[in-house]
Amino acid sequence: MRFAVESWSPDYGAPTTDQTLVESPAEVDAWVEAAPEQWSPRRPSSGAGPLDSILFVDGVRRVEAHVWITTDDGQVHQGLCASFASGGVLCNGAAVVVGPQVRRGLFSSTPHAEPIVTSHARFDLHSDVRSESSDLTLLVQDAMARLEVDVARLSHDEASLVVVDGPLRQGHNTGQPSSDIALVGYIKTHTTSYGPPVVRETVTRLGPGERTPIMALGGRHPKFSWYLRLPCDVAHGWSGVVRLETLARHPATEVVSFADRLALTLGRYASAPQKDPRAPQNLYPIGGLERELRRRLGDAGLVYRSLRVASAVEKINAGGHSRSLDLGSRRPP
């Protein structure tokens, strides 16, 4: 029996499960750069050069407490108090954190809740009556993603390229310069299959630093996309593979040239297993930014204790009969 051990720490799951990739519903044109018989790994052209000034954008989130909200009509609703943050790292010979922003929210399915104010933080209301209790974490994820979009829009003038950790989302198509290919989505984990089987077959044959031909993805906001294998020890077919995407507002020939330059650029920032548990896909600037943003979220124990104090005060003020807040007996893991 032959087997390979995934380089990612098991605490983060696996970056891909090749046999269970779900086919994308988007219309995919895989023959933009190469005909079916010409699909093969591509090395950057000899005339390509790396990009000099890059802004990496990412976000982090943390659930501070599960709460139970009792409204004036006696109904009880579940909620989450969560903190989330986003920022960027500008790499242009040095690495500087830019535009860090921290937000805190009360996420609930009831519109009758109110913001929670504690001695250390304010949790603004994020309500969606369509969300069940199990979907509240998705509300947190969506709020963090919107904050990432804002950071990318506000900070893009500081770099020639913005790399967003994750797929491009609604809002990324506004506020970016039209004269340059300035925005790239960087996808580390793979749950979706794009294009015909030759795409996945080519991915497994990529060498370090090689990419697939580009594809066109249809939809409301058309994109170009391709796969790249970062420098790593290739233990299995998907080792060190990331998917990249950019908005389809430039000719395919320009995107091909850009993809070559990006292959040379991102390899410089690939992490090593002894430095990062998600190596090589979790690039050094992104890993460093995540640590800085988590620091800015503050001490989790202090935030939780301030929520419990606010909960006790609310019960006293409500007389135990009207709107109140209960955090239970223990902070969740």
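Every number in this text was worked out from the coordinates using simple rules, so none of it is lab data. Just so you know, these numbers come straight off a predicted model, no measurement behind them. We place every Cβ from the backbone using ideal geometry, glycine too, and count neighbours over all the protein chains shown.
Details
- Between Ser46 and His250, the contour length at 0.36 nm per residue exceeds the Cα-Cα span by 71.2 nm.
- Sites Val22 and Val234 - FRET efficiency at Förster radius 22 Å, r taken between beta-carbons, to 0.05: 0.35
- Check: the range 17-326 dipole with +1 on Lys, Arg Cβ and -1 on Asp, Glu Cβ, in debye: 640
- Our note on the geometry: Cα centres of the range 16-64 and the range 74-90, 30 Å apart.
- Computed from Cα atoms, the angle from the helix 252-266 axis to the main principal axis of the chain rounds to 70 degrees.
- Helix 300-318 axis versus longest C-alpha principal axis of the chain: approximately 40°, rounded to the nearest ten.
- Extension gain, Leu125 to Thr71, is 18.0 nm, computed as 0.36 nm per intervening residue step minus the present C-alpha separation.
- The angle between the Cα long axis of helix 136-155 and the main principal axis of the chain comes to about 60°, on a 0 to 90 degree scale.
- Equivalent ellipsoid of the chain: semi-axes from √(5λ) of the C-alpha gyration tensor, largest first, are 41, 20, 20 Å.
- Cα→Cβ-extended label distance, 7 Å offset, between Leu264 and Arg205, nm: 2.5
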